[in-house]
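Coordinate-derived values only; no laboratory data. Because the structure is a prediction, the values reported are computed rather than measured. In this analysis, Cβ positions are derived from the backbone assuming ideal geometry, glycine residues included, and neighbour counts consider all displayed protein chains.
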Amino acid sequence: MPETSPRSLCAAALLLPGLAASLVQAQSPPERASLSLRLADYRDWQAGAERMSAQSPAFRLLTALGEATAFEANLMHDAVSGASPLYHDTLSGASGKGVNDHRTAGDVKFTRYFGNDALALGLAASSERDYRSRAASAEWRHWSQDRNTTITLGLGGSDDRIDPVNGLARGSQRHSSEVLLGLTQVLSPQSLLQANLVLGRGEGYFSDPYKPLDKRPQTREHQVLQVRYHHYLRPWDASLRLAWRYYRDTWSIHAHSLEAAWHQPLGKGWWVMPGLRYYTQSAAWFYHDPPFPSGWQLGAIYSGDTRLAAFGALAPSLSLGRDWGGGWRSDLRFEAYRQEARWRPGSGSEGFKGLRARMFSWGLSREF
């Protein structure tokens with residue numbers, strides 16, 4: 001095999017199937033515009049009873065505006081229905097009629113390229129019956145002269161307003177900000193490595209307004225470290241994708257996520273990708289299994305929300321896709337998800353009720 005010059009490493013890696021698309025961001029505006037549609041259907045259940053379901057169509061447009069600018073827009077609509085977790089009904093005063101809500105979210109991003117640098121500015125908004133969010137972001141990327149190393153610096157902020165239909169905490173607000181520092185490195189024509197560090201802080205209303213006894217701290221700081229590695233295996237014409245994510249915050253939650261996927265071309269434009277994700281987290285310091293902790297007093301910091309409990313989770317997935325030619329591509333994805341207290345190393349929350357979920361999604365895209 002002839003020696004590959006350092007300057008051609010990135011170009012060589014980008015040509016390998018399934019290797020670089022999700023790690024290496026574009027270093028110039030797209031040569032062709034693309035429009036994509038994704039339909040998703042999600043359902044979860046608990047203790048033998050179906051709980052929540054959601055259907056989510058999403059659209060994405062990516063195109064060049066001139067020779068040095070790219071424009072990206074996303075639009076999504078969620079339709080959510082179902083019931084609260086079984087053991088929260090009395091605590092929340094839920095009527096038993098369940099939840100029926102709709103959410104519309106969208107974002108736009110402009111990216112301007114300057115030689116070895118790019119500046120991206122974005123705006124996002126989300127609205128539902130009892131919640132509204134507005135966000136803005138800025139991202140600067142710099143490539144080394146050989147284009148094999150990318151440094152990323154990002155800033156983001158959001159303002160949220162909560163207006164629950166039960167009248168509790170109406171008009172409450174939350175303000176959040178994040179800083180991102182990232183490094184993407186082409187290690188060889190077959191390997192890519194990416195590491196991101198995120199620091200964030202939020203202030204305001206974090207409690208669940210539909211559970212009157214739920215009261216959480218009004219500040220939350222978090223740190224996230226994520227490492228991803230993609231490697232092309234020539235004997236199988238396939239790529240291995242590995243990822244690790246660590247999260248911690250001032251609520252005493254520490255979480256790890258490990259993920260592996262295998263992208264395998266099948267010929268005639270077809271590909272398949274099985275994957276497996278494992279997740280584990282510790283409980284927030286103020287989480288207690290319902291109904292109440294010993295010595296609890298009205299107005300004390302407390303939550304029985306199982307998202308703040310200690311548990312482990314497994315999520316196997318399978319994706320199948322095809323490049324149909326003429327710029328058309330499609331894929332079908334299935335993911336199963338299960339949470340259990342016993343799947344956390346050490347021990348999980350004793351009163352944690354396991355949860356199961358599944359999600360189907362179908363995507364179609366066209367370049368033109």
Residue 31/residue 138 FRET efficiency (R0 25 Å; Cβ-Cβ; nearest 0.05): 0.50
Cα→Cβ-extended label distance, 7 Å offset, between residue 125 and residue 69, nm: 2.0 nm
CD proxy at 222 nm, helix term only [per DSSP H run n ≥ 4: -39500 (n - 2.57); per residue of the chain; nearest 500]: -500 deg cm²/dmol
Region 6-367 - convex hull of alpha carbons, volume per residue in Å³: 144 Å³
Cα-centred dipole magnitude for region 6-367, charges only on beta-carbon of K, R (+1) and D, E (-1), debye, nearest 20: 440 debye
Relative contact order (%) - criterion: Cα under 8 Å, at least six apart; region: the chain: 14 percent
Extension gain, residue 39 back to residue 328 (0.36 nm per residue minus Cα-Cα distance, nm): 102.4 nm
R0 of 35 Å, Cβ-Cβ distance residue 151-residue 61: FRET efficiency to nearest 0.05: 0.80
Positive-end residue of 349, 74, 206, charge dipole of the chain with Cβ unit charges: 349
Efficiency of FRET between residue 342 and residue 50 - r from beta-carbon atoms, R0 22 angstrom, step 0.05: 0.45
Extreme residue, positive dipole direction of the chain, given options 63, 253, 42 (C-beta unit charges): 42
Rounded Å value of the spacing that divides the Cα centres of region 103-161 and region 285-342: 26 Å
